[in-house]
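Let me begin by presenting the structure, written as structure tokens, before commenting on it.
Read-outs: derived from the displayed coordinates by stated rules, not from any lab. What you see is a predicted model, and the numbers here were worked out from it, not measured in a lab. Cβ: placed from backbone, ideal geometry, glycine included. Neighbour counts: every protein chain shown.
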Amino acid sequence: MGETMVKKRAIVYPYHADFGPVVRFSNLLGNYELVSLMAPLGFGLNEKDAAYSYYGEDVGIKVKDSFSDDEFDVLMICEFECSFEKVVFPTIIKAAEMGKDIVLLNRCADHEVEMVKKVCLKNNVELTSFFGIDIDRTKVELVEKILLDINVPIICVASLMEKSNKFDVQLSLRDYFLKEGYKVSQIGTKSYCEIMGFHSFPDFMFNHKEAEIDKIFLFNHFCKYIELNERPDVMIIGIPGGTMVYNNLFTNRFGITAFEAASAIHPDVGIMNLTYDDFNGEFLDKICVSTKHKLGFDIDCFNMSNHKFDTGRSKQDKELKFFTVDSKLVDEKIAQISLESKVPLFNSLNGTDTLKLAECCEALLLKENMQIV
């Protein structure tokens, strides 16, 4: 028998709500054990459960504002919007001087990465970066501009706009299908998915040097490459960005990325994620029709997040702004809409709904006699 792999104990900093999905499904972190979360005092999270940041169900991990030498092996830097030099870098220096390895998940600027490299070299600690791991372009080189058949069931996770708990759904599906014994291949919407054992959405899909039509072929060939090399039972694909134009200011890139990805893969099960809003069954029906015409796949279920689009602040700041509501309000809204909609609607922050959503996807694939067993 082989030796059991010893996981490195990791502290996440600067923790905030956007990293919540990884905390909820930290069992997927492969070589790392999440032992603690740390946030600056100004975040207002000290001694709060991690779920307090996103108004979800408690996960049993409290957020702290400091760390001690003996409790961790790795400082994991997650996504952040605060100052690198004033908030993040001093903590990296402190951890490195304590002999702790550094893991970068946030897509840092080149000069910031160089600063971290110098600190790690000086203190003889290891630096691992999980962002921007480029796909080997030669593996998906276009020999012929043709679409290849993907002979594995595909679950597509899309959203009307950002802040729709899309990554939460992707991780919940991965967690479920792995526990059920399936071999899962996956492409996710974060730039650090490799730390959880799957692929990040490829950078070539955002490369302005690539022709838009070529991106469709490239993504198709990339998925085929994964199918042939990993031989999965099911493939889960998250699509970055939104699928629809919200207004003249917030266009979601006109849903171009979603269109290109959907054109490349032809999903077997479609999940559409929504922000929290005053929707009704008629609206969801229209979204189903619109998605079928624009992206070519059916919506088999919806997921509603607890983020509501803040129209006033967004218009004023000229960037997308949201505010968060309690997950229980989402449950109430879902109960109301479900009386009017034929398509099931779930709340991924609700543990019961998380399971139901995954079971719904599995049942749909089995119903269509997909070879997932």
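For Ser129, nonlocal amide neighbours, meaning residues 5 or more places apart or on other chains whose placed amide H falls under 5 Å from its own, are Leu104. Label-to-label distance, Lys179 versus Gln336, with points set 7 angstrom from Cα along the beta-carbon direction: 3.1 nm. With R₀ fixed at 41 Å, the C-beta to C-beta distance from Tyr246 to Lys367 puts the FRET efficiency at about 0.75. Need the list of lysines near Lys86 for cross-linking: C-alpha distance under 16 angstrom, and skip anything on the same chain fewer than eight residues off. Candidates past the 8-residue exclusion: Lys94. Would you indicate which of (i) 20.9, 62; (ii) 20.3, 59; (iii) 21.8, 73 is the value of Rg and Dmax of the Cα atoms in Å derived from the coordinates of this structure? So the calculated entry is the one marked (i). Other residues whose C-beta falls under 12 angstrom from the C-beta of Lys100 contribute a net charge of -4, scoring Lys and Arg +1 and Asp and Glu -1. Principal-axis analysis of the Cα atoms of the chain puts helix 110-122 at an angle of about 40° to the longest axis. For a straight C-alpha distance cut-off of 20 angstrom, the lysines reachable from Lys294 (same-chain residues fewer than eight places away being disregarded) are Lys166, Lys215, Lys286. Listed by chain and number, the aspartates and glutamates whose C-alpha is less than 16 Å from the C-alpha of Lys145, apart from same-chain residues fewer than 8 away, are Glu210, Glu212, Asp214, Glu260. Taking a sphere under 11 Å around the Cβ of Phe130 and counting the other residues whose Cβ falls inside, with K and R at +1 and D and E at -1, yields a net charge of +1.
Put a dot 7 Å past the Cα of Asp317, heading toward its Cβ, do the same for Asn229, and the two dots end up 3.9 nm apart. A simple spin-label model places the labels of Ile93 and Ile213 5.4 nm from each other, with each point 7 Å out along Cα-to-Cβ. Subtracting the Cα-Cα distance of Asp149 and Ser68 from 0.36 nm times their residue separation leaves 23.9 nm of extension gain. Quick one: of Lys48/Lys333; Lys163/Lys190; Lys190/Lys321, which pairs are farther than 21 Å apart, Cα to Cα? Over 21 Å apart, Cα to Cα: Lys48/Lys333. When peptides 266-275, 73-82 are ranked by their average number of other Cβ atoms within 10 Å per residue, the highest-first order is 266-275, 73-82. Overall shape: oblate for the stretch 32-159, with the ratio a/c of the largest to smallest alpha carbon gyration tensor axis at 1.5 or above and b/c at least equal to a/b. Axis of helix 212-230 versus longest Cα principal axis of the chain: the two differ by about 70°, to the nearest ten degrees.
Subtracting the Cα-Cα distance of Glu57 and Val325 from their residue separation scaled by 0.36 nm leaves 95.2 nm. Count Lys and Arg as plus one, Asp and Glu as minus one, and take only other residues whose Cβ is under 11 Å from that of Thr257; the net charge is then 0. The magnitude of the dipole of the stretch 8-129, with charges of +1 and -1 set on the Cβ of Lys/Arg and Asp/Glu and taken from the Cα centre, is near 160 debye. Relative to the longest principal axis of the Cα atoms of the chain, the long axis of helix 166-179 makes an angle of roughly 90 degrees.
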